[in-house]
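Since the structure comes first, as structure tokens, the remarks are kept for the end.
The values are calculated or read from the model by the stated rules, or taken from the named source; none is laboratory data. Computed from a predicted structure; not experimentally measured. Glycine also receives a Cβ, built like all others from the backbone with ideal geometry; neighbour counts cover every protein chain displayed.
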Amino acid sequence: MRVLVTGGAGFIGSHVADRLLARGDEVFTVDSFDDYYDPEQKRRNVRAASANARYRLIEADISDAAAVERAFDTARPEAVVHLAARAGVRASVEQPLAYVMTNEVGGLHVLEACRRRGGVPIAFASTSSVYGASSEPPFREDVAADRPLSPYAASKRASELMVHAYHHVHGQPAAILRFFTVYGPRGRPDMAFAGFTRALLERRELRLHGEATARAFTFVDDIVDGVLGAIGWAARTRALGPFNLGRSEPVRVRRLIELLAAALGVEAHVRVVELGISESPVTAACVDRARAELGYDPKVPLELGVERWCDWCERSEEAPAWLRPASRARA
Ligand SMILES: NC(=O)c1ccc[n+]([C@@H]2O[C@H](COP(=O)([O-])OP(=O)(O)OC[C@H]3O[C@@H](n4cnc5c(N)ncnc54)[C@H](O)[C@@H]3O)[C@@H](O)[C@H]2O)c1
């Protein structure tokens, strides 16, 4: 299959691209290497894939409609995985326009490019943040999701509604994928795993946003399984569906800190601060629908995922220097 992956140099996108290559697909990554976090990290994410003859990197900004059209003309994709986005809840409060431009306008350009080519099936990344104040955990796909708590969540929900309209009017096949707190190798530096790991390695105090805050931490390999299932589902059914991709049991962030500290062999100094108003206290996914229709079956428990994360920080050339234990960083 020829698959176009937007945001394919990012955390989740680079894993999706690697897995598609491993199963023999041709992969076209579209990414702008934006500076929301260090673009060098993204260069390292795609280094291995770039050596593959079935891989092509297209540097383009999805908020530029003509650039998206050119990328689609080059790739002639049979399926699209749309992951390019401004992600990150807190930054969206400061920079809402950037979120509208990439997530809503850029998302529309990608959708439009799919429609113009007869409805190329798309797996469209969304987020558990769309549930906002709409639902008690575990979140189910059938709630209205009309009370977002951040500009990020609002931009993703707006894109979901546009996908709905494209399906209704044009029959555009689409799996809308609501990811829940994804972690693992290549994880984003603005997320809890990287932030806590860095603070622990530097023997700094950690800020825990709310003692009872809990998340459905989901290992990136499990998410990739779901994304691949979703491409197949959209191509086969040509239907529209929102799917949760996460885990059902929320784990306290306090527990994550304990696991990381134990794995790194350091003591954690934690200061509890208030949870920001843009964030949900607890997230958990009902995954019945994804299990039944996409064959989604998350396998990696947090304990194992933490081990894999720490192993990557310690051993992989992809990891930034600030995530390496001192012995390695000096080497
Ligand atoms: N990581 C999570 O826990 C999580 C949770 C819920 C939803 N998501 C969603 O999953 C997707 C991937 O997230 P991620 O964590 O891998 O983030 P990421 O920031 O690592 O990846 C996004 C990629 O998109 C690229 N990009 C940004 N703006 C662009 C533009 N205008 N044009 C082209 N490329 C652009 C970035 O350079 C980056 O490589 C996003 O849509 C995000 O909202 C992620």
Taking the range 151-190 and the residues there that are polar (S, T, N, Q) and either outside any helix (DSSP H, G or I) or under 13 Å from the mean Cα position of the chain (by Cα) (or both), the one that is nearest to ASP221 (Cα to Cα) would be THR181
Kindly establish whether PHE33 is touching a helix residue (DSSP H, G or I) at 6+ places or on another chain (Cβ under 9 Å) and either assigned to a loop (DSSP other than H, G, I, E, B) or not assigned by TED's automatic domain parsing to the domain that holds TRP233 (or both). yes
Quick count over the range 47-68, residues being small (Gly, Ala, Ser), closer than 25 Å to ARG115 by Cβ and not in a helix (DSSP H, G or I), is 2
Whether any residue in the range 274-283 is touching a residue at least 40 places away in the same chain (Cβ under 8 Å), under 20 Å from GLY88 (Cα atoms) and surrounded by 19 or more Cβ atoms within 10 Å (Cβ to Cβ) is what I want to check. yes
The residue that is surrounded by the fewest Cβ atoms within 10 Å (Cβ to Cβ), considering only those in the range 140-180 that are in contact with a strand residue (DSSP E or B) (Cβ under 6 Å, 6 or more places away or on another chain) and more than 26 Å from SER63 (Cβ to Cβ), is GLU141
Matching residues in the range 195-213 (surrounded by 21 or more Cβ atoms within 10 Å (Cβ to Cβ) and within 15 Å of the ligand (Cβ to nearest atom)) number 1
Condition set β-branched (Val, Ile, Thr) and touching a residue at least 40 places away in the same chain (Cβ under 8 Å), scope the range 57-87, selection nearest to the ligand (Cβ to nearest atom): answer is ILE62
It is to be established whether one or more residues within the range 90-109 are more than 30 Å from ALA214 (Cα to Cα), surrounded by 17 or more Cβ atoms within 10 Å (Cβ to Cβ), within 14 Å of the ligand (Cβ to nearest atom) and of a type in the set (Phe, Trp, Tyr).
no
